[in-house]
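Reviewing the structure listed below.
The values are calculated or read from the model by the stated rules, or taken from the named source; none is laboratory data. The model shown is predicted, which means the values in this text are computed figures rather than measured ones. No Cβ is skipped: glycine too gets one built from the backbone with ideal geometry, and neighbour counts run over all protein chains shown. Ligands, DNA and RNA are excluded from the accessible area calculation, which covers all protein heavy atoms including side chains. Shrake-Rupley method; radii C 1.70, N 1.55, O 1.52, S 1.80 Å.
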Amino acid sequence: MLDVARHFQPVAYLRRYVDLLALHKLNVFHLHLTDDQGWRMPIAAHPRLTEIGGHRAESMIGPSRSTRYDGTPHGGAYTAAELRELVAYAAARGVTVVPEIEMPGHVRAALAAYPELGNDPGRTLDVWTRWGVCENTLGVSDHVLDFFRTVLDETMEIFPSAHVHIGGDECPTTEWERSPAALDRVRREGLAGPGALHPWFMQQMTDHLVRAGRRPVAWAETGTTLPEECTVMSWREPAHAWAAARRGQHVVFADHRATYFDYAREEGDPGLLAQSGLVVDLPAVHGLDLTPPGDGAAAADRVLGASGQLWTELVATPAHIEYLVYPRLCALADRIWGGAGDYADFTARLDGHRTRLDALGVPHARPPFATAA
Ligand code: TNX
């Protein structure tokens, strides 16, 4: 998973990213196309999503507790033609591109473009310039549902993948708790409270994708609140993956402690710019455990695989992306194709593989940029 919403990368770079995935026999490229800080997915019916939502005035410097900003505008968006070409380029290399459209949280860029999508349609918001969890969420009117069904329809036209990701993570309920329209929706749908609007919203979008013959995917905040038809990407706790698998859902492991490549590579990493205090070192990645607890044979059948995540709040350049992704993605690929591999055996083989990374100009060993440390 590459986040091109926080920092945009041109499609020429995405093709190189695909080449490197294919080299490691990774067969899915999950593109995180929309978020609070930028909307990169072209939607012909709603052009302001990219015209307005594709640009922010500046970016926060450092992690989300920071108070400093860089004063530099950032933006970009893809054309439909570019994305279609990327899909074909990837397919020719055995890679399926899975698009992600975030909802009903992580939508501040969409709200900046179309204020009527929000819980307070009279309010004008900017594309977010901060990092962290944004309080603003989608409203729950029929108009919002139709708008996002159209977004998904156009997304499906460009991306033929079986799976389509609809976000679902980090969605505060504060706006819904205060919104008369949201509370009215709670009443009309017979929901338990504003907190139930999230699973309700995800179900509406899930139904739409299923009717179109696709398989919805979403991030799990817990193991149990996503619609049953959703494939679950569990990022907080492996237990969430197993809870979902026991319910009969497909799961993709994305445990942040083993697969978040925006976290530091080692203690005191001069690559700094890590999102949390946690370190995800090579043994942590290679030690990712996809074995179900107890007698979980049935649950094991529902594990589709694992995914490495590169969130890019603090990562603006291809060189920095590759420094963070490699060689950790090598460890992930080895692990998920090789099963319960031996770490020493892996590192011995990795030594040889590093020669290939060097030949390809992948800055896997040392930060390819000046560091503050
Ligand atoms: C949590 S993981 C997020 C992202 C951030 C990431 C930073 C997930 C589904 N949501 O929005 O970029 O942490 O590590």
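Structure data summary
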item: Cα shape, the stretch 17-168, gyration tensor, a/c 1.5 rule; result: oblate
item: Crossing angle, helix 11-23 versus the chain [Cα axis fit, 0-90 degrees, rounded to tens]; result: 50
item: Karplus-derived HN-Hα couplings along the stretch 93-102 (A = 6.51, B = -1.76, C = 1.60, θ = phi - 60°), whole Hz, x at Gly and Pro; result: 10, x, 10, 9, 8, 9, x, 10, 10, 6
item: Most mobile of L209, L152, L350 in a GNM of the chain (Cα contacts under 10 Å); result: L350
item: Highest-fluctuation residue, G223, G352, G341 considered, GNM on the chain with Cα pairs under 10 Å; result: G352
item: Surface share of carbon and sulfur [accessible, 1.4 angstrom probe, percent] for the chain; result: 53
item: Degrees separating the helix 180-189 axis from the principal Cα axis of the chain, which is the longest one; result: 90
item: Calculated diffusion of the chain, Stokes-Einstein form, Kirkwood radius summed over Cα pairs, 4 °C and 1.567 mPa s, µm²/s; result: 61
item: Of the GluC sites (Glu not before Pro) in the stretch 17-111, those whose Cβ has at most 15 other Cβ within 10 Å and which sit in DSSP loop; result: E58
item: Loop trypsin sites (Lys or Arg not before Pro), the stretch 19-48 (other Cβ atoms within 10 Å of the site Cβ: 16 or fewer; DSSP); result: K25
item: Over the chain: helical MRE at 222 nm, DSSP H runs n ≥ 4 each giving -39500 (n - 2.57), nearest 500; result: -10500 deg cm²/dmol
item: With Cα atoms, 0 to 90° folded angle of helix 343-359 axis to the chain main axis; result: 80
